[in-house]
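Below you'll find the structure, written out as structure tokens, and then a few comments.
The values are calculated or read from the model by the stated rules, or taken from the named source; none is laboratory data. These figures come from a predicted structure and were not determined experimentally. Cβ sites come from the backbone with ideal geometry, for glycine too, and all protein chains shown count toward neighbours. Each accessible area value is taken on the protein alone, full model and side chains, heavy atoms only, with ligands, DNA and RNA left out. Shrake-Rupley method; radii C 1.70, N 1.55, O 1.52, S 1.80 Å.
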Amino acid sequence: SYPPACLLTGGSAKMEGAVELAEEIFHMPVRLGVPHSVRGMDDVIGNPIYSTGVGLLLYGLQKQTEARRIRHQQLWRRNQDTCPGTTQRWFQGNF
């Protein structure tokens, strides 16, 4: 866990003196933000230039996963609501 800090990310964060300038402006610790929670291509992904792109991809993946979970729950509820009625009608029609 990191102490509270301002994160600089993106290509301009790598400019010489950017972190020090940000600390002076914001009066708080500043660190270089790099993507994390991603496997593979460590030499490329561990670079702050790619933080925005990786973050957007992870955000999209999270939203897609949540949407699938919600659709699955809705389908399950719908099937649960209709299945007993269908089964009951089948029994009534056959017995």
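Tabulated values for the structure
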{"read-out": "Among GLY46, LEU75, THR9 the positive-end extreme of the charge dipole of the chain (Cβ point charges)", "value": "LEU75"}
{"read-out": "Calculated from backbone phi, Karplus (6.51, -1.76, 1.60) coupling profile of the stretch 49-56 in Hz, x at Gly/Pro", "value": "4, 9, 4, 5, x, 5, x, 5"}
{"read-out": "Long-range amide H partners of THR9 with built H, under 5 Å", "value": "GLY33"}
{"read-out": "Charge dipole magnitude, Cβ of K and R +1, D and E -1 - the chain, Cα centre, debye nearest 20", "value": "980"}
{"read-out": "222 nm mean residue ellipticity, helices alone, for the chain (DSSP H n ≥ 4; -39,500 (n - 2.57); rounded to 500)", "value": "-20500 deg cm²/dmol"}
{"read-out": "Space enclosed by the convex hull of the alpha-carbon atoms of the chain, per residue, Å³", "value": "153"}
{"read-out": "Cβ-Cβ FRET estimate between HIS72 and HIS36, R0 fixed at 41 Å, reported to 0.05", "value": "0.90"}
{"read-out": "Å² per residue, accessible surface of the stretch 6-81 at 1.4 Å", "value": "80"}
{"read-out": "Accessible-area composition of the chain, carbon plus sulfur, in percent [1.4 Å probe]", "value": "60"}
